[in-house]
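Laboratory data are not the source of any read-out in this text; all were calculated from the coordinates shown. Just so it is clear, the structure is predicted and the values come from calculations on it, not from any experiment. FYI the Cβ positions are ideal-geometry reconstructions off the backbone, even for glycines, and counts take in every protein chain you see.
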Amino acid sequence: MTKIGVIGAGAVGSAALLSLVVRGSAREIVVLNRGRKRARAVATDLRYGAALSPRVDVHDGDYPDLAGASLVMIAAGINEGTGGATDRKDAAGRLRLLEGNVVIYRDILPRIFKAAREAVILVLTDPPDPLADFVRSFGFEHVLSSGTFLDSLRFRDHLARRLDVAPSSVNADVLGEHGTSEVFVWSSARVSGVPVLAALQQTNRGRSEVQRSEAEVRASIEQEVRYANIAIIEGNQASQFGIGMVAARIAEMVLRDERAVIPIGSYNQRYGVTLSVPSVVGRQGVVQVLEPELSDEERGGLQRSAETLRNAVAHIAARKEA
C-alpha cells in the first residue's frame, strides 16, 4: 500500500490533496495541520468525493500516523501574499519568506523525523530550495524541493500559446532557483526538435512576435513566467492549483519508481546547495542528475542563481548560531 503524508491543509496543501485524490496517486493519504479540526474537515470533504476516483483512504492524523509513509509533502508555512513577497521590484522575491518559514519548519521537522525519517520529503513551502537544505540539516537523506518544475511548465505554456501548439509538444526548462534568479534555458528549447525561436518565425501568430527583437520576445516571456505567481495572487489570493498538480505528479514518480526526468530541486554537490537541474526521479527521490548543455550566458546565470541560494542558506545558518 502506498502511503503519503501531507502537512499543511491551507491553499497549497488542499490543492495538492485534491490532485492526489483525483489522480489516484496513493492508496492512503494522511492529512496533518496545525489545527486538527481543519485537517479533519478537509479530509472529510475529499473523502465524500473520492468515490469518483481510484480507491483511496484519506483521513486526518497526527505525526505518529506518518509511520510507513513513502513520501511526506510539507506545505505548511507563510505564503507569498501573507508574507509580503508580491513586489515585482523586490529582488529577494520568495526568499523574503525564508526566515519566518524556518521557524515553522524547526517545530515540525523533529516530529516528522521521529515518525518517518526514511520517507522522501517534498518541500512545497516557499522558498522551497533553501528550506529543502534546512530539512537536510535535520538528518533527512531523501529531500526534494518542488523547484522549477512548475516554472518550466509555465515557460512551456507561454511558448505554446505563441506557437499555437499543445504545451506537451514543447520541451523547455527553467533551472536554478524557484525564484527571481531562475534561469531560462533558451538554447535547448525545442518543439519536436525545432528551436522555439525558429518555430516562432514559421507560425502566423509567431510572426507578429518576431517582428519585435528576439531579446524583446525573450524578455516578455521571462517576465510573464518569473512573476506568474504574483499575477495569480493578485487575482486569487494564492497560487495553489498549478503547484498542487505538480506535487501529485512528483508523488507518482516517487511512489511508482518511474525514473522520469524533470527539472526539480535536490542538493547538488557541484553547486553546494539545493537547486533545480534535469534529474531522474524515482523511489529514493532524485537518483541521478543530468548535467544540461548550456550557453555561456545560461551557465553564468545558473552560477549566480546558486550563489543567491547559498547566501540565503548561509544567512539562516548564521542566525541559528547567533
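Values as computed for the structure displayed
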{"item": "Positive-end residue of ALA50, LEU95, GLN288, charge dipole of the chain with Cβ unit charges", "result": "ALA50"}
{"item": "Net dipole in debye of segment 63-129 [+1 Lys, Arg Cβ; -1 Asp, Glu Cβ; about Cα centre; nearest 20]", "result": "80"}
{"item": "Simple label model, 7 Å out from Cα along Cβ direction - ARG34 to ASP164, nm", "result": "5.0"}
{"item": "Net dipole in debye of the chain [+1 Lys, Arg Cβ; -1 Asp, Glu Cβ; about Cα centre; nearest 20]", "result": "760"}
{"item": "Relative contact order (percent, whole number), the chain, Cα cutoff 8 Å, 6+ residue spacing", "result": "18"}
{"item": "Table column - 3J(HN,Hα) (Hz), segment 84-96, Karplus curve with 6.51, -1.76, 1.60, x for Gly and Pro", "result": "x, 10, 10, 9, 4, 8, 8, 5, 5, x, 5, 4, 4"}
{"item": "Phi-based couplings in Hz for segment 19-31 (Karplus 6.51, -1.76, 1.60; Gly and Pro marked x)", "result": "5, 4, 5, 4, 7, x, 6, 8, 8, 9, 10, 9, 9"}
{"item": "Calculated [θ] (222 nm, deg cm²/dmol) that DSSP helices of n ≥ 4 give over the chain, each run adding -39,500 (n - 2.57)", "result": "-14500 deg cm²/dmol"}
{"item": "Placed amide H near ILE29: partners under 5 Å, 5+ positions off or other chain", "result": "ILE4, ASP57, VAL58, HIS59"}
{"item": "Sites ARG283 and SER213, calculated FRET efficiency, Cβ-Cβ separation with R0 51 Å, nearest 0.05", "result": "0.65"}
{"item": "Extension gain (nm, one decimal) between SER188 and GLU118, 0.36 nm per residue minus Cα-Cα", "result": "21.6 nm"}
{"item": "Ellipsoid equivalent to segment 3-148 - semi-axes via the Cα gyration tensor, in Å", "result": "25, 18, 13"}
{"item": "Segment 259-272 - phi-based ³J(HN,Hα) in whole Hz, Karplus 6.51/-1.76/1.60, Gly and Pro as x", "result": "6, 6, 10, 9, x, 8, x, 8, 5, 10, 4, 4, 9, x"}
{"item": "Cα-based shape type of segment 227-274, given that a ≥ b ≥ c are square roots of the gyration tensor eigenvalues and the cut on a/c is 1.5", "result": "oblate"}
{"item": "Separation in nanometres of the label points that stand 7 Å from Cα toward Cβ, at ALA260 and THR82", "result": "2.9"}
{"item": "Furthest towards positive pole of dipole, VAL313, ALA189, ALA260, structure part segment 166-322, Cβ charges", "result": "ALA260"}
{"item": "Segment 23-78: radius of gyration and largest Cα-Cα distance (Dmax), Å", "result": "11.4, 33"}
{"item": "Count of lysine pairs in the chain with Cα separation under 27 Å (8 or more residues apart, or interchain)", "result": "4"}
{"item": "Rough spin-label spacing in nm, given labels placed 7 Å along Cα→Cβ, for ARG270 and SER220", "result": "3.3"}
{"item": "Charge context of PRO263, other residues only, Cβ under 9 angstrom, K/R +1, D/E -1", "result": "-2"}
{"item": "Prolate/oblate/rounded label for segment 146-197 (Cα gyration tensor, a/c 1.5)", "result": "prolate"}
